[in-house]
1. Once you've got the Cα coordinates, tell me which of Lys278/Lys327; Lys2/Lys35; Lys65/Lys305 are over 18 Å apart.
2. About the Cα centre, and with charges only on the beta carbon of Lys, Arg (+1) and Asp, Glu (-1), how big is the dipole of the chain? Nearest 20 debye, please.
3. May I ask you to derive the relative contact order of the chain, considering only C-alpha pairs under 8 Å and at least 6 residues apart, and to give it as an integer percent?
4. Multiply the residue gap between Thr42 and Thr20 by 0.36 nm, knock off their C-alpha separation, and tell me the result in nm, one decimal place.
5. Using the Cα centre as the reference, give the magnitude of the dipole from point charges on the C-beta atoms of the range 243-327 (Lys, Arg: +1; Asp, Glu: -1; all else neutral), rounded to the nearest 20 debye.
6. Can you give me the % of accessible surface on the chain that is carbon or sulfur? Probe 1.4 Å, all protein chains present, nothing else counted.
7. Which one, Thr60, Leu17, Gln4, is farthest towards the positive end of the dipole of the range 3-73 when Lys and Arg carry +1 and Asp and Glu -1 on their Cβ?
8. Sum up the lysine pairs in the range 168-263 that clear both bars: alpha-carbon distance under 23 Å and a spacing of 8 or more or different chains.
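The values are calculated or read from the model by the stated rules, or taken from the named source; none is laboratory data. It should be emphasised that the depicted structure is a prediction, and the values quoted were computed from it without experimental measurement. Here the Cβ positions follow ideal geometry from the backbone for every residue, glycine too, while neighbour counts run over all protein chains shown. The area values use the complete protein model at the heavy-atom level, side chains included, leaving out ligands, DNA and RNA. Shrake-Rupley method; radii C 1.70, N 1.55, O 1.52, S 1.80 Å.
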Amino acid sequence: MKLQQLRYIVEIVNQNLNITEAAENLYTSQPGISKQVRLLETELGINIFERNGKHIKGLTPAGKKIVAIARELLVKAHSIKSVAEEQTRPHKGTLRIATTNTQARYVLPEIIEKFKQKYPEVSLHLHQGSPNQIYDALMKGEVDLAITTEAQYLFEEAILLPCYFWNRSVIVKPDHPLAKFANQSTALTVEELGKYDLITYTFGFTGQSDLDHAFSKEGILPNIVFTATDADVIKTYVRLGLGVGIMASMAHTANDKDLVAINASHIFQSSMTQIAFKRGTFLRNYMYDFINDFSPHLTKMQVEKAEQLRDNNAILRLFEQTQLEEK
């Protein structure tokens, strides 16, 4: 059994069982991958993949377990290299982060600027996507850290650290009837909000389920006329008069003088932003520093404690006494 064979079977799964794409990603030939997979199966005495003729159609039950273990071994192999690099090049390396558009646009710039000043020789790569895309990038080993704001249930196989709470604001133009709630002592209600066409995040981004819950609790069906993955897109269509925007409060800035933000934290439940990394990953010191810059209560000691716990529920309990920041 060779490490390269394990890398091949994992990459085939990563590429949705497409051997051609796996070969292209690994800069090798399709026949070469097929041969090595067959040799591995022969050595093990079982089939890893289910086949229909020459075509792979799925993983066998044993194959699923083998691929899961292979992923762990590849993480360990990468960690061995990271341990060596930590000794030989402590201030050089690569940091790859996956996150949502809102985090990338409104939270990370200041943190990344601080990080680059401290580690100018670390190459930093930022990937943006949906919660599912972020999870896939982490589990495939395409990124080192994932910053997620929803669908934390996806990350059961990763270490998931709580960072901060955030909530939503209702965004309208100054001449909109709801704009009066921005300056009045009377709070905006779900009933009042339900009278208007709504523009918000695509399902799977930052709390669409929380929005549904807030309306269904009052027996109101929201009229969502437009969804987007990006807060800037939501603001664009509010400006066009397409509807009332609901988005992360942090995305309304001083530059948005032509839009009014109405606090909606009493309507919607707070959501938690969390940062994740694969179990078994060796974190470089600069990675610990980035995590701490992103969320100051996540010191290296606290992160190491979290790594020793059984599951993410236990990690949440570890931080129950921590006063998470509200953004």
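1. Beyond 18 Å: Lys278/Lys327; Lys65/Lys305.
2. Dipole about the Cα centre, nearest 20: 960 debye.
3. On the way: 507 pairs, mean separation 69.0, N = 327.
Reported as a whole number, the value is 21 percent.
4. Here the answer is 5.8 nm.
5. Values: 9 positive and 10 negative charges, 70 e Å.
The calculation lands at about 340 debye.
6. Taking all protein chains in place, the chain shows 50 percent carbon and sulfur surface.
7. Value computed over the given set: Thr60.
8. Qualifying lysine pairs in the range 168-263: 9.
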